[in-house]
Amino acid sequence: MSEETRVALCDDHAVVRSGLRRIIDDEPDLEVVGEASSAEEAVDVARAEHPDVFVLDLGLPGTKASRRPGGCSASAHLRPSSS
């Protein structure tokens, strides 16, 4: 018996997340462990769930004024620490 690959999803469009979830849910060796609608939420999901794979919309908007990361900058925070 093989272990399921843990997947997290992040897109600011709920319909995209829903579609991806439906596709992934049909695969017996994949499990969606979290969803996020912003880069900030994606970082929180990654820290809480430790997914094996993160499907991230790199075009997520971020704001410089509030220092909120967009999709590209958030991706750096999704990598496991090397400690």
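Remarks
- Picking from residues in region 25-83 that are within 12 Å of residue 10 (Cα to Cα) and in contact with a His (Cβ under 9 Å, 6 or more places away or on another chain), the one that is modelled with the lowest pLDDT is 39.
- As for region 15-34, it holds at least one residue that is farther than 11 Å from residue 56 by Cβ, surrounded by fewer than 13 Cβ atoms within 10 Å (Cβ to Cβ) and basic (Lys, Arg).
- Leading residue by the ranking (modelled with the lowest pLDDT) among those in region 1-14 that are within 15 Å of the chain's Cα centre (by Cα) and surrounded by fewer than 16 Cβ atoms within 10 Å (Cβ to Cβ): 13
The values are calculated or read from the model by the stated rules, or taken from the named source; none is laboratory data. No experiment lies behind these values; they were computed from the predicted model shown. With ideal geometry, Cβ positions are generated from the backbone for all residues, glycine too; neighbour counts draw on all protein chains shown.
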